[in-house]
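The structure appears below as structure tokens.
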Amino acid sequence: MCLTVNKDFVMQRIKVTQVRSVIDRPKNQKLVMEALGLTKMNKTVEHNATPQILGMINKVRHLVKVENV
């Protein structure tokens, strides 16, 4: 399978920061936070704004702060 990418296409980046604890949260929310790379309070990670990442952020939107980079 060959994947071609337009050279003018730039993926939007987002910065995700954990602002609330995952203690006493359902297991699926804890797993989503770990998959996003957020393991401690106030930790910030950058991701490409793909539909998969945006869906994960939507699941834990009450635990994180999202900013455009």
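The values are calculated or read from the model by the stated rules, or taken from the named source; none is laboratory data. This one's a predicted model, so the numbers in the text were calculated from it and none came from an experiment. When we count neighbours, we look across all protein chains shown, and the Cβ atoms used for this are built from the backbone with ideal geometry, even at glycine. Just the protein is used for accessible areas: all its heavy atoms, side chains included, with ligands, DNA and RNA removed. Shrake-Rupley method; radii C 1.70, N 1.55, O 1.52, S 1.80 Å.
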Positions within region 21-61 being of a type in the set (S, T, N, Q) and open to solvent by 40 Å² or more (accessible area, probe 1.4 Å), in sequence order: Ser21, Asn28, Thr39, Asn42, Thr44, Asn48, Gln52, Asn58
Pair list, Cβ under 8 Å, 6 or more apart: region 29-47 residue free of Cβ contacts under 8 Å to residues at least 24 places away in the same chain, other residue of a type in the set (Val, Ile, Thr) and outside any helix (DSSP H, G or I): Lys30/Val22; Gly37/Val45; Met41/Val19
Complete set of residues in region 21-60 that are among the small types (Gly, Ala, Ser) and either on the phi > 0 side of the Ramachandran plot or outside any helix (DSSP H, G or I) (or both): Ser21, Gly37, Ala49
